[in-house]
Amino acid sequence: MGGGRWIERWEPEDETFWRETGERTARRNLVFSVLSEHIGFSVWSLWSVMVLFMGPQYGIDPAGKFFLIGTATFVGALIRVPYTFAVARFGGRNWTVFSALLLLLPTGFAFAVTEPGTSYGTFVLVAALTGIGGGNFASSMTNINAFFPLRKKGWALGLNAGGGNIGVPVVQLVGLLVIGTAGAMHPRIVLGVYLPLIVVAAVCAALFMDNLAPVRNDTGAAQEAVRDRHTWIMAFLYIGTFGSFIGYSFAFGLVLQTQFGRTPLQAASLTFIGPLLGSLVRPVGGSLADRHGGARVTLGTFAAMAAATGVVIQASVTESLTVFLVGFTGLFVLSGLGNGSTYKMIPAIFLAQGHRQGLSGEAAEAYGRRLSGAAMGLIGAAGALGGLGINLAFRQSFRTAGTGTAAFVAFLVFYAACMTVTWAVYLRRPSAVPTTAPSAAPSAAPSAVPGTAGDGGGPEPRPVSARV
């Protein structure tokens, strides 16, 4: 280890290295990465809570509130791209400390201005600032991806992301406690809770995390990831899983208030349940993908999400709150499973790409880590834009029809498209599927892709573009 907590040698695929020093170090970094990402998610999702405090005295209609939520979602999506590459440029530990401290900016501004009489433009600006919390996910996932061997990535990435995702229901629980005890006139209490927690996360990252010297800034990796069609195919699928999770998490309470007439306390008492369950099962989705194949788990997830959306549509039409809650909770759980399974697919896809280019052993593993790390930021950004799409769809649906039914119909069609893409690209058996890398040398036989589409580790090899 070098000065400033830089680790010079990191070979997680070497079983001896992993057993003797690697696993202990990787787990320590994972724990404090989760803490920082958790706080980042809470800050990013602040406006899913703040809008519940905004009664008539604020003069903001439901469409305006959805726009505030959408603004935070949009900025959070865009900022994920530079955050992805910041880890390689500055080091995982260093960037985690900086990005955690940066969360003081939006939280402090929100504390200063959240009161009746503040202009709507000011609220939009502060909502945009909270979007920086969404970037923490991209840098955290890129960092943890480099620490763990392929056989552990599904579990590690799922745990890292799930622990971060729990920041959404936790801030909503804090909002519930504030509304239930102090009333809906005191949103600053929520913000006051998070200001010291941000400092704690930054200090812990500085004391207990490490930078990996082998992970260096590589603009070539980013360019290759942009050109690779699998980056954008997986981005499309991640819109369906994470886009659903974050979009529904941000909009759920406002939907309950607007469509079903719930009070702030009633909405807050229900809002956190779905995001909590979706966050908790994300590691399960990664673990299932480790055992049964990411594409199979992802396909099953989208099929179940389509069925749950059908239940929600029926409940929306009949105005049945109980059925609506059952269907919506199902969507949260399924999107969490899909988040885990899709992210497990990414490193396995690029490892197989390395094999198809004639690489083997450590060279193929290094190629897979390099490309998957670059692709994750782009895929994560696209997924978060899916959350923006969900909030804009709700905004338009409520403006034109007064209910969210039309939006749910659109989501159902999208899940059907995701099912089709997953099956067509990663599960069917075409006679020949060209590699995505034009310069790749043809291999003698298709490479097996462990933990993505297969039959739980069976010997049958599968083309990367067809059976991942």
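Tabulated values for the structure
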{"item": "The lone exception for A315 - which of (1) in contact (Cβ under 8 Å) with a residue 60 or more places away in the chain; (2) at negative phi; (3) open to solvent by less than 10 Å² (accessible area, probe 1.4 Å) it fails", "result": "(1)"}
{"item": "Residue among L359, L371, L331, L321 that is open to solvent by 10 Å² or more (accessible area, probe 1.4 Å), touching a residue at least 40 places away in the same chain (Cβ under 8 Å) and of a type outside the set (S, T, N, Q)", "result": "L321"}
{"item": "Selection within the stretch 116-133 - outside any helix (DSSP H, G or I) and either surrounded by fewer than 13 Cβ atoms within 10 Å (Cβ to Cβ) or at positive phi (or both)", "result": "P116, G117, S119"}
{"item": "Hits in the stretch 220-232 (condition: farther than 18 Å from L78 by Cα and either of a type outside the set (K, R) or at pLDDT 90 or above (or both))", "result": "G220, A221, E224, D228, R229, H230"}
{"item": "Selected residue (only one of L237, L176 is in contact with a Cys (Cβ under 6 Å, 6 or more places away or on another chain) and hydrophobic (A, V, I, L, M, F, W, C))", "result": "L237"}
{"item": "Among residues of the stretch 383-402, those that are open to solvent by less than 40 Å² (accessible area, probe 1.4 Å) and among the polar types (S, T, N, Q), counted", "result": "2"}
{"item": "Residue count for the stretch 354-369, restricted to those that are within 20 Å of F85 (Cβ to Cβ) and at pLDDT 80 or above", "result": "2"}
{"item": "Condition check for F302: buried (at least 24 other Cβ atoms within 10 Å of the Cβ), of a type in the set (A, V, I, L, M, F, W, C), in contact with a Cys (Cβ under 6 Å, 6 or more places away or on another chain) and touching a residue at least 24 places away in the same chain (Cβ under 8 Å)", "result": "yes"}
{"item": "The stretch 186-235 - residue that is under 30 Å from Y58 (Cβ atoms) and of a type outside the set (A, V, I, L, M) and, of those, surrounded by the most Cβ atoms within 10 Å (Cβ to Cβ)", "result": "Y194"}
{"item": "Verdict on F245 being open to solvent by 10 Å² or more (accessible area, probe 1.4 Å) and within 21 Å of V312 (Cα to Cα)", "result": "no"}
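The values are calculated or read from the model by the stated rules, or taken from the named source; none is laboratory data. All values reported here derive from a predicted model rather than from experimental measurement. All Cβ positions, glycine included, derive from the backbone under ideal geometry; neighbour counts span all protein chains shown. Keep in mind that these areas ignore ligands, DNA and RNA; they rest on the heavy atoms of the full protein, side chains included. Shrake-Rupley method; radii C 1.70, N 1.55, O 1.52, S 1.80 Å.
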